[in-house]
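Engineer: Here it is: the structure, laid out below.
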2 protein chains.
Amino acid sequence: MTDTLSNIDKKRGGKKAPRFSREPPQQRRAMMIEAATRCLSRGGISGFTVDAICREAGISRGLINHYFDSLDGLLVEVYRASMYKNVASHIQEAKRRRAENIGWPPELALAELIGSNFAPRYFNGDNLLLWLSLWAEIATNPLLKAAHRELYQAYRGELAEDIAAVAAARGRIVDAPTLARNFIALVDGLWLEWCLDETVLTPEAAEAAGFEMIEAQVGPLR
Amino acid sequence: MTDTLSNIDKKRGGKKAPRFSREPPQQRRAMMIEAATRCLSRGGISGFTVDAICREAGISRGLINHYFDSLDGLLVEVYRASMYKNVASHIQEAKRRRAENIGWPPELALAELIGSNFAPRYFNGDNLLLWLSLWAEIATNPLLKAAHRELYQAYRGELAEDIAAVAAARGRIVDAPTLARNFIALVDGLWLEWCLDETVLTPEAAEAAGFEMIEAQVGPLR
DNA sequence: TGTCTTGTTATACCTTTGTTCAACAAGAAC
DNA sequence: GTTCTTGTTGAACAAAGGTATAACAAGACA
């Protein structure tokens with residue numbers, strides 16, 4: 001295909017088009033991480049190969065080892081980016097909302113935080129293979145395990161704070177950290193079941209189940 | 001190592017030990033499936049190679065393609081065996097218990113079925129890589145997806161029946177199928193969280209969360 | 001003991017994998 | 001236009017992958 005293109009270019013008589021473009025390192029790295037992420041969610045760890053990724057990114061094979069220690073190093077970056085996209089940004093958003101909305105009813109903040117887990121942005125089936133692969137990597141790689149622990153802990157803490165705020169405002173005694181942890185487990189479990197068999201539930205049913213678990217302890221939120 | 005052994009045998013002066021033993025096909029297949037399962041749970045799909053499996057099983061490389069269509073065919077058999085071990089046998093046991101214990105308090109049957117999910121036999125961290133790999137295979141292979149759907153549906157049905165029996169005996173209105181589905185999701189989610197970060201909960205805490213979810217709707221079971 | 005069947009081995013084969021590196025050229029600087 | 005820097009290419013390489021198959025030998029049978 002490359003040959004065809006360059007032949008056409010030569011026959012055009014004009015200056016031949018550049019065979020490649022130089023990109024700022026940061027931008028090139030981001031491009032490659034995105035392409036690698038697509039490969040991982042498409043074919044799992046078996047689809048995460050130098051050939052596939054370079055083809056997806058439209059670059060030559062040598063670039064992966066130029067920008068990353070190794071293919072495994074790229075996988076770690078894919079983990080970081082995915083984790084940020086799905087968890088860290090979640091936390092930041094919750095923090096921002098709470099800081100901005102001081103004085104607002106805590107029920108609103110909590111309901112929004114709960115509901116956001118079932119928004120199509122998070123609760124979708126496109127990334128099953130991606131996360132199965134990343135979890136396997138977490139189980140194997142101690143560095144990733146530590147990062148995972150830290151991020152999930154932060155998210156659990158955020159959720160627990162919002163739960164505790166509602167419970168306090170309503171004079172209820174609630175084990176907020178435990179409830180937050182169980183809620184997250186339920187969300188992950190529902191998402192997993194949905195991905196493996198989409199006939200067993202709908203995102204709406206999942207959201208209902210999630211609210212039900214919290215509301216059973218702190219009372220109605222909607 | 002093989003050389004050393006056979007040399008020793010020769011020097012012993014007696015008849016040399018057989019270089020291999022012939023096994024009945026059914027038994028040999030079972031041995032290979034077990035070895036392959038160990039490889040998968042140890043190293044994930046990357047550890048599922050002809051070399052590793054044959055080394056684990058103590059056989060030569062040619063035998064996999066002799067007994068299975070391909071390495072992927074062996075993976076399907078690993079799936080079947082694991083699924084049977086973790087789900088199908090679960091269902092059979094529940095069925096048997098219910099058939100044998102006609103007239104027994106349904107609370108006992110339900111409590112036992114719930115608790116069995118958190119028994120070390122099921123709720124243990126050794127099989128994370130195994131199940132992550134199998135789930136990835138389910139997502140990819142339509143035949144496995146259908147098998148998965150069927151087996152999980154049977155298990156959900158079993159659980160829902162036991163829940164409905166308790167609810168009926170107590171005059172409570174409960175959406176048993178939905179509750180069963182949410183419970184299974186919670187169990188899977190808790191197990192996954194525990195595997196990825198064992199500091200976040202204990203099997204006892206998981207069991208408590210599981211009972212809590214059911215008991216919130218049908219009343220105390222213990 | 002000798003023969004036969006067939007489960008098992010071991011090798012050869014080709015493909016795909018990740019990595020390296022010398023040569024190349026895009027694009028900024030002058 | 002010319003020079004220089006360096007991002008990028010693409011071929012070469014060894015290692016590891018799955019599969020096919022001819023040779024072997026274990027164990028049953030006579």
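The values are calculated or read from the model by the stated rules, or taken from the named source; none is laboratory data. Just so it is clear, the structure is predicted and the values come from calculations on it, not from any experiment. In this analysis, Cβ positions are derived from the backbone assuming ideal geometry, glycine residues included, and neighbour counts consider all displayed protein chains.
Engineer: Which of the helices (runs of 4 or more DSSP H) contained wholly in the range A:41-106 include at least 2 residues that are within 25 Å of A:ALA147 (Cβ to Cβ) and within 14 Å of chain B (Cβ to nearest Cβ)? Full working, then the answer.
Structural biologist: Values: elements: A:50-57, A:63-67, A:71-83, A:89-100.
Per the criteria, A:71-83.
Engineer: May I ask you to verify whether B:ALA216 is facing chain A (nearest Cβ under 7 Å), over 24 Å from B:LEU128 (Cβ atoms) and in a helix (DSSP H, G or I)?
Structural biologist: Numbers: facing chain A (nearest Cβ under 7 Å): yes; over 24 Å from B:LEU128 (Cβ atoms): yes; in a helix (DSSP H, G or I): yes.
Answer is yes for this residue.
Engineer: Also, quick follow-up: Looking at the range A:188-211, which of its residues are charged (D, E, K, R), at the interface with another protein chain (Cβ under 8 Å from one of its Cβ atoms) and in a helix (DSSP H, G or I)?
Structural biologist: Residues of the range A:188-211 that are charged (D, E, K, R), as a first pass: A:188, A:193, A:197-198, A:204, A:207.
Of the ones still in play, those that are also at the interface with another protein chain (Cβ under 8 Å from one of its Cβ atoms) are A:188, A:193, A:197.
Passing the criteria: A:ASP188, A:GLU193.
Engineer: Given the conditions (1) touching a residue at least 24 places away in the same chain (Cβ under 8 Å); (2) assigned to a helix (DSSP H, G or I), report the number of the one that B:VAL174 does not fulfil.
Structural biologist: (2)
Engineer: In the range B:157-187, how many residues are crowded, with 21+ Cβ neighbours inside 10 Å and either β-branched (Val, Ile, Thr) or facing chain A (nearest Cβ under 10 Å) (or both)?
Structural biologist: 9
Engineer: Here is a further query. Out of all the residues in the range B:63-92, which are surrounded by 14 or more Cβ atoms within 10 Å (Cβ to Cβ) and within 16 Å of DNA strand C (Cβ to nearest atom)?
Structural biologist: Those that are surrounded by 14 or more Cβ atoms within 10 Å (Cβ to Cβ) and within 16 Å of DNA strand C (Cβ to nearest atom): B:LEU63, B:ILE64, B:TYR67, B:PHE68, B:LEU71, B:LEU74, B:GLU77.
Engineer: Next up: Within the range B:5-45, can you find the residues that are near DNA strand D (Cβ under 8 Å from one of its atoms) and either aromatic (Phe, Trp, Tyr) or modelled with pLDDT of 95 or more (or both)?
Structural biologist: Within the range B:5-45, B:PHE20 is the sole residue that qualifies.
Engineer: Condition first: more than 10 Å from DNA strand D (Cβ to nearest atom) and not assigned by TED's automatic domain parsing to the domain that holds B:GLY210. Can you find one or more residues in the range B:95-103 that meet it?
Structural biologist: Going through the range B:95-103, the residues more than 10 Å from DNA strand D (Cβ to nearest atom) turn out to be B:95-103.
Checking which are not assigned by TED's automatic domain parsing to the domain that holds B:GLY210 leaves us with none.
No: zero hits.
Engineer: What about B:PRO142, is it at pLDDT 95 or above and within 13 Å of another protein chain (Cβ to nearest Cβ)?
Structural biologist: no
Engineer: Would you pick out the residues in the range A:53-62 that are of a type in the set (A, V, I, L, M) and within 12 Å of DNA strand C (Cβ to nearest atom)? Steps first, please.
Structural biologist: First, pick out the residues of the range A:53-62 that are of a type in the set (A, V, I, L, M): A:53, A:57, A:59.
Within the range A:53-62, A:ILE53, A:ILE59 qualify.
Engineer: Is it the case, given these coordinates, that B:LEU128 is in a helix (DSSP H, G or I), crowded, with 17+ Cβ neighbours inside 10 Å and not assigned by TED's automatic domain parsing to the domain that holds B:ARG170?
Structural biologist: Values: in a helix (DSSP H, G or I): yes; crowded, with 17+ Cβ neighbours inside 10 Å: yes; not assigned by TED's automatic domain parsing to the domain that holds B:ARG170: no.
Considered against the rule, which asks whether it is in a helix (DSSP H, G or I), crowded, with 17+ Cβ neighbours inside 10 Å and not assigned by TED's automatic domain parsing to the domain that holds B:ARG170, B:LEU128 comes out as no.
Engineer: If I ask for residues that are in contact (Cβ under 8 Å) with a residue 40 or more places away in the chain, among the small types (Gly, Ala, Ser) and closer than 25 Å to B:ALA208 by Cβ, which ones from the range B:140-171 would you list?
Structural biologist: B:ALA165, B:ALA167, B:ALA169
Engineer: Taking the stated definitions as given, is A:GLY115 within 10 Å of chain B (Cβ to nearest Cβ) and of a type outside the set (Asp, Glu)? Show your work before the answer.
Structural biologist: Numbers: within 10 Å of chain B (Cβ to nearest Cβ): no; of a type outside the set (Asp, Glu): yes.
For A:GLY115, the condition - within 10 Å of chain B (Cβ to nearest Cβ) and of a type outside the set (Asp, Glu) - is not met.
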